[in-house]
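In what follows, a structure is listed as structure tokens, so that the remarks can point back to it.
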Amino acid sequence: MMKTNSTRLYSQLAKLKTFEERFNYLKLNNVVAEDTFGFDRYLNQKFYKSTEWKDLRNYIISRDLGCDLGVDGYYLDKRDIVIHHMNPICPDDFYEKTKFLMDPEYLVCCSHNTHRAIHYGSELSKREFDVRAPNDQCPWK
């Protein structure tokens, strides 16, 4: 798949202040990438189990403070975190080890719901987020 001049960058995304602005920057407008993997699905399954990917995933979660699209206050449950490739990837990205796979500039933390909405144009439900307080997840305090 050829990457175009409309390459999405985290550094540009981070300049957008609201969740809605960031979502609109990333959404694919009901256009799903051409055939993504098909018989090559084993490529991404193996990749996402690698130590290298898991380390990078942890870095992205930390950089984005565990927030949906990196927007402060949109905290995610650790079971609901997806690392989204901001530019659709294809088998050639795995074969050629392109920068789009592992460069943090092309990755962002999001929820499963947000991820589906970006890719498939599904409705993005308005979520209420709990107000967080210091030590709110420390049961011993």
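Taking the criterion of being at pLDDT 90 or above and under 15 Å from D103 (Cα atoms), would at least one residue in segment 1-8 satisfy it?
yes
State all residues of segment 71-85 that are in contact with a helix residue (DSSP H, G or I) (Cβ under 7 Å, 6 or more places away or on another chain) and assigned to a helix (DSSP H, G or I); if no residue qualifies, say none.
D80
Being within 15 Å of the chain's Cα centre (by Cα) and either of a type in the set (F, W, Y) or surrounded by 20 or more Cβ atoms within 10 Å (Cβ to Cβ) (or both) is the filter here; which residues of segment 92-108 pass it?
Passing the criteria: F100, Y106, L107, V108.
Residues being among the hydrophobic types (A, V, I, L, M, F, W, C) and surrounded by fewer than 17 Cβ atoms within 10 Å (Cβ to Cβ): count how many of those fall in segment 9-30.
Result for segment 9-30: 3.
The values are calculated or read from the model by the stated rules, or taken from the named source; none is laboratory data. None of the values given here were measured: they were computed from a predicted structure. All Cβ positions, glycine included, derive from the backbone under ideal geometry; neighbour counts span all protein chains shown.
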